[in-house]
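Derivation of every value follows stated rules applied to the coordinates shown; laboratory data play no part. Keep in mind it's a predicted model, so treat the numbers as computed, not measured. Positions of Cβ are generated from backbone atoms using ideal geometry, with glycine treated the same way; all protein chains shown enter the neighbour counts.
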Amino acid sequence: MKAINRRQAFALGGGFVMLTLMPMGADAEVTNDAAKWIEKFTGGKQPAKGKISLDLPEIAENGNTVPLSINIESPMTAESYVKDVMIIADGNPNAGVATLSFTPLSGKAEASIRIRLATTQNVVAIAKMSDGSLFTEQKTVKVTIGGCGG
Amino acid sequence: MADKPRIKLPKEAAKGEVIQIKTLVSHVMESGQRKDAQGKTIPRKIINKFACEFNGKPVFSCGLEPAISANPYIQFDAKVDEAGTFKFSWTDDDGTVITAEEKIALKA
């Protein structure tokens, strides 16, 4: 095997630097008490993936009003419906965003609200069904101008 | 504040139809995070609860946190099985409640 020359050595080094920086560059760290909110809502149970479709812009220019739509698969009958949905933002000063409570009279487990996001972060939704099962979904939103004021 | 809330829903629906309701209420939704010119924190003042009921039965409700934008817009659905009245209420941190009502008829 040929020994690496100077150029290749540089390329390798560069690659290594990139790699070590990446985890920090890959934004969205949890900076608040999101875990506590989730724990309180789920009672420590692990929610499954799926059933929820969470619609948020990939990039929000203005963190003051970010449109959020959520839709959960459910027949919404008296026997089986979506009870509560908690929405959490893990990079805001306070993790809580909203708790939506549906009933069979809602017809569809669907809602839209507008939220504030302080910085680039994950928005997490957890749905509690009438039978107690839990589902979750999350989206990362890149925020250009934060929405919590100075 | 205390402008009349804006509510949009159809005037009539077929029995069993799921309709969409859009609501918007004027409110500063002061987050409690901002500071005024003197550097003092502006106290939190938000709508912390929204609820909708139809003929006295709960349809949808929503607990709100400071992370909800000013002039909260809430859109949701409701299943209409009979003619009746939707009642909406927004509860402020200071205890005041803004209310509104909308009637809906069944399609003949």
Report task. Indicate the gyration tensor shape class of region A:56-139 (rounded, prolate or oblate), computed on the Cα atoms with a ≥ b ≥ c the square roots of the eigenvalues: a/c under 1.5 is rounded; otherwise a/b larger than b/c is prolate and the rest oblate. Result -> prolate
Query raised in the report: Taking the alpha-carbon centroid of each part, what is the distance from region A:50-100 to region B:28-90 in angstrom?
Result: 15
Report summary line: Cα-based Rg then Dmax for the protein assembly as shown, in Å, read 22.1, 86
Query - Given A:Lys142/B:Lys87; A:Lys51/B:Lys11; B:Lys11/B:Lys45; A:Lys83/B:Lys49, the pairs whose alpha carbons are separated by over 25 Å - result: A:Lys142/B:Lys87; A:Lys51/B:Lys11; B:Lys11/B:Lys45
Report summary line: In Å³ per residue, the alpha-carbon convex hull of region B:38-105 encloses 96
Query raised in the report: According to a simple spin-label model (label point 7 Å from Cα along Cα-to-Cβ), what is the distance in nm between B:Arg44 and A:Ser69?
Result: 3.0
Report task. Just flag the GluC sites (Glu not before Pro) in region A:29-76 sitting in loop per DSSP whose Cβ has no more than 10 other Cβ atoms within 10 Å. Result -> A:Glu58
Query raised in the report: Between B:Asp3 and A:Lys83, what is the FRET efficiency for a Förster distance of 41 Å, r being their Cβ-Cβ separation, to the nearest 0.05?
Result: 0.80
Query - 10 Å binning of all Cα-Cα separations within region B:9-65, expressed as whole percents from 0 upward - result: 16, 36, 23, 15, 8, 2
